[in-house]
Amino acid sequence: MSRACGQVVFTGAAWYSGSTLLGMMLGAHPAIFYAGEANKTRTLNDPSAPLKRRVCRACGPGCPIWDRLRLADREDLYEALSRRSGRPIVFDSTKEIHWIESALDALGGAVAVRLVVLTRDGRAVVSSRRRKLADATPVRELAAFWAQQMRGVEELAATFPGPVHRVRYEELTSRPEHALRALADFVGVAFDPRMCHPWSSEQHPLGGNDGPLLLLRRARAHAAVAGVITPDEPTRAWYAEHPIEVVSDLRWRRELSADDLAAFEAVAGEANRAYAWEQPA
């Protein structure tokens, strides 16, 4: 039997860099299945895990892709997803580098692999993490953690066994068609305008950021499933007023104080030079 999955695309990124949005944009293409964070299969269908960690975050229990998916061998995961979705390309937004390396070993060259390195200004990442987790951790520690993550991403990119493509979050959200045309060419598919409007597409991700999922629920009039999307009140309020379109989130420019910015610069300023976004809002 010939393989259904012909290509797996992985993500290299720090947390809170926009990988859920990127995945949904790619997943709006009829040839690409967005798996979300495939490492969440570790807790898939595990009744002891929180609901949002063991079901599809778009449809909850009963998902046609993830429900009753049982895998004896991890190397069959992407093949199973292609067969269930009918899409030959799988996009995995797992940012855990050990998972990516293990998946590459398991695939063993059976399919083409590619890596998309998604970058975002480190100041935005720190601000987003602090906001979404109500994190009281000092900015210096958050900045150090972000810089450590990006070192790992760059090391992965330097040794990745397949082609590597880079995209900035800020470019993706301010010039989505331009960025997505380049991504489509990289993956080997024709650009599809639906990629710029992912909220209208069918999606079945594991894990991911609450914000894009809230917009998906609004756009598709999905009924809320308790425990599947669990945003805090500020996040819920922000996305309740958010237009159902791709918009750059540059809130860090008003959320980080002068002291916060100085602390970030002292720890991660040099590391951020390659990723900083200084264009006007």
Quick check on segment 87-102: of everything there that is within 15 Å of the chain's Cα centre (by Cα) and hydroxyl-bearing (S, T, Y), which residue is farthest from P205 (Cα to Cα)?
T94
Of (1) within 19 Å of the chain's Cα centre (by Cα); (2) part of a helix (DSSP H, G or I); (3) surrounded by 15 or more Cβ atoms within 10 Å (Cβ to Cβ), F264 fails just (1)
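So that you can scan it fast, the table gives a plain yes or no per residue for (1) of a type outside the set (A, V, I, L, M); (2) surrounded by fewer than 19 Cβ atoms within 10 Å (Cβ to Cβ):
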| position | (1), (2) |
| --- | --- |
| V9 | no, no |
| A13 | no, no |
| Y16 | yes, no |
| M25 | no, no |
| N39 | yes, no |
| A49 | no, yes |
| A58 | no, no |
| D67 | yes, yes |
| A80 | no, yes |
Quick check: is even one residue across segment 217-234 buried (at least 17 other Cβ atoms within 10 Å of the Cβ), out of contact with any Lys or Arg (no Cβ under 6 Å at 6 or more places or on another chain), free of Cβ contacts under 8 Å to residues at least 60 places away in the same chain and not in a helix (DSSP H, G or I)?
yes
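This table checks each residue for (1) outside any strand (DSSP E or B); (2) polar (S, T, N, Q); (3) farther than 25 Å from S82 by Cα.
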{"residue": "A124", "(1), (2), (3)": "yes, no, yes"}
{"residue": "Q148", "(1), (2), (3)": "yes, yes, yes"}
{"residue": "R151", "(1), (2), (3)": "yes, no, yes"}
{"residue": "E154", "(1), (2), (3)": "yes, no, yes"}
{"residue": "E170", "(1), (2), (3)": "yes, no, yes"}
{"residue": "Q203", "(1), (2), (3)": "yes, yes, no"}
{"residue": "L213", "(1), (2), (3)": "yes, no, no"}
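Among the residues of segment 260-281, how many are in contact (Cβ under 8 Å) with a residue 60 or more places away in the chain and charged (D, E, K, R)? Steps first, please.
In the first step, residues of segment 260-281 are kept if they are in contact (Cβ under 8 Å) with a residue 60 or more places away in the chain; the result is 260-261, 263-264, 266-268, 271-272, 274-277, 279.
Now drop any that are not charged (D, E, K, R), which leaves 260.
Total meeting the criteria: 1.
Right, A240: over 16 Å from A28 (Cα atoms), of a type in the set (G, A, S) and not in a loop (DSSP other than H, G, I, E, B) or not? Step through it out loud before you land on a result.
On the way: over 16 Å from A28 (Cα atoms): yes; of a type in the set (G, A, S): yes; not in a loop (DSSP other than H, G, I, E, B): yes.
Here the answer is yes, as A240 does meet what is asked.
None of the figures in this text is laboratory data; all of them are computed from the coordinates on show. Just so it is clear, the structure is predicted and the values come from calculations on it, not from any experiment. Virtual Cβ from ideal backbone geometry, glycine too; neighbours counted across all protein chains shown.
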